[in-house]
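The values are calculated or read from the model by the stated rules, or taken from the named source; none is laboratory data. A quick note: this is a predicted structure, and the numbers were derived from the prediction, not measured. Ideal geometry is used to build each Cβ from the backbone, glycine not excepted, and the neighbour counts take in all protein chains shown.
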Amino acid sequence: MNHDQLIREISYCQNCFTCLDACDTFKVTNNIDQSPNGRLKIAEHVFKNEKISDNQLIALYTCTLCASCNLSCPQNIDIAKIIHAAKVQLVVNGEAPLEVHDNIIKDIIEKENSVGGKPEDRLKWLPETYLRDELFEERECDTLLFLGCMSSFRVKESATVPYEILKKAGYNFKILKNEPCCGEYVYSAGELEIAKEMFKHNIELFKKNGIKNIIVTCGGCLYAFDNVYRKYFKEFDINVRHVVDVIHELMKQDKLAFKGLNKTITYHDPCRLGRKYHKKALYSGPRELLEKCGVVIKELVQDHDKCPCCGAGSGIRGVDSTICIKIGKDLFDKLETSELVSSCPLCVFNFRYVNYKNNMDKESKYITDYVLESIK
Ligand code: SF4
Ligand code: SF4
C-alpha cells in the first residue's frame with residue numbers, strides 16, 4: 001500500500017474514540033499518543049514526511065500490534081497495519097528502530113535467535129533419550145517441527161513436551177539441528193528489508209530440506225509463516241499449523257489416550273493464534289483439548305476475539321517494560337484461578353515475568369503440559 005492510500009485510510013477516522021477502550025497500552029498509560037487514535041495521527045505525520053517527536057516514536061514502538069483496536073473501529077480501519085507501515089517508513093528514513101531493536105536484530109543475524117541465546121545451546125531442550133536417535137536434517141520426512149527462539153531458549157517445555165507428545169502418537173516429523181529465527185521480531189520492528197532477506201533464506205532452507213509442512217509451537221512463528229511469508233513470497237506454499245491444532249486432530253483420531261486431571265485453569269487466547277489469525281483462529285481446538293484432559297476452563301472474556309494481550313507483543317518489553325508489567329497485572333487481576341494457560345511461549349514467558357515483577361503467586365503454563373500429564 002502506498003502512502004496516499006494509507007493517508008486516505010487514516011482520513012476515515014471520525015475521532016469517535018471507541019478504539020481507546022480496546023487498547024491495553026492506552027488503558028495503562030492514559031496517554032492519547034499511546035492509543036490507536038493517537039498512533040494513527042502520528043502515522044499520518046510519518047507518511048507526510050513530517051518530523052515526529054521522540055515520544056511519538058516511542059508511542060509507535062509501544063504498540064503490541066495486537067489488532068484489538070481493528071475489531072472495535074466502526075470505520076473498519078486496519079489500525080495495526082497502518083502502525084506497522086509507519087514503523088517501516090521510519091526505518092527507511094533512518095529514524096528507527098530503537099537501539100534496543102538494533103541490538104536484538106544484530107544478535108538475530110549473528111546468533112540466529114531473538115533472545116540472545118548461545119547458538120550451541122539451541123537444542124538443550126531436547127532430552128538425552130531422544131538426542132541419541134535424532135537424525136535431524138538427515139531424516140527422510142517432509143514435516144518439520146519448528147520450535148522457534150522462545151520455545152528453544154526461554155520456555156523449553158514448549159519445545160520438549162510437544163516433541164514428546166508427537167513421538168508418543170507416532171507422528172512422523174523432523175527437527176533441524178540448525179534452526180533459524182523466523183524473523184517475526186525483525187518484521188515487527190519495521191526492518192522490512194532485513195526481514196525479507198531472512199524469509200528468503202528460510203524458504204530456501206525449507207526447500208533444501210524437502211519441507212512441505214511446518215508445525216510451530218509459537219504464535220509469532222505461526223503468524224510469520226502463515227501470514228507474513230505468504231504476503232511477500234507468493235511461491236511460499238508450505239502448509240503451516242500450530243502444534244495444538246495437530247494434537248487436537250490426534251485427539252479426535254483417538255491416537256492418544258487421555259485420563260482426567262481434575263483441574264481448573266484460565267485459558268488465554270494469544271492474539272497471533274486468535275484475532276490476528278482471522279478465519280483460522282484457534283479458539284475451540286485448545287479448549288476441547290484441555291477439556292479432554294479433564295481441565296475445567298474459566299474464561300477471561302466471553303468473546304475470544306477480545307482476549308486481552310499478554311502485554312509483550314512486538315518486543316515492547318524492551319522499549320517500556322512498565323507498560324508490559326501493568327498490562328499483565330491487569331490481566332492477572334481478572335483471574336479466578338491460580339493457573340494461567342497459553343498456547344504461545346512468548347505469552348507464557350511474559351506472564352512469568354509479570355508474576356515475578358508484581359510479586360504474585362500465579363502459575364503460567366504452556367498448554368501441552370496438561371496433555372502430557374493426561375496421557376502419561
Ligand atoms: S494494535 Fe493493540 S496496542 Fe496497538 S494500538 Fe491497537 S489495540 Fe493498541
Ligand atoms: S475507533 Fe476508528 S474511527 Fe473511532 S477514533 Fe478509533 S480509529 Fe478513529
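General observations
- Single residue of Phe206, Phe233, Phe153 found to be under 28 Å from Asp133 (Cβ atoms), among the aromatic types (Phe, Trp, Tyr) and either outside the structural domain of Gly117 (by TED's automatic domain parsing) or free of Cβ contacts under 8 Å to residues at least 60 places away in the same chain (or both): Phe153
- In region 66-85 there is no residue that is buried (at least 21 other Cβ atoms within 10 Å of the Cβ), within 20 Å of the chain's Cα centre (by Cα), away from ligand 2 (no atom under 16 Å from the Cβ) and not in a helix (DSSP H, G or I).
- Residues located in region 129-161, provided they are at pLDDT below 95 and of a type in the set (D, E, K, R): Arg132, Asp133
- Subset of region 35-65 that is assigned to a helix (DSSP H, G or I) and among the β-branched types (Val, Ile, Thr) - its residue that is nearest to ligand 1 (Cβ to nearest atom): Ile42
- Some residue of region 117-124 being without any contact (Cβ under 8 Å) to a residue 12 or more places away in the chain and under 12 Å from Glu179 (Cβ atoms): yes
- Scanning region 23-42 for residues that are hydrophobic (A, V, I, L, M, F, W, C) and within 11 Å of ligand 2 (Cβ to nearest atom) yields Cys23, Phe26, Ile32, Leu40.
- Glu95 being more than 11 Å from ligand 1 (Cβ to nearest atom) and under 22 Å from Lys276 (Cα atoms): no
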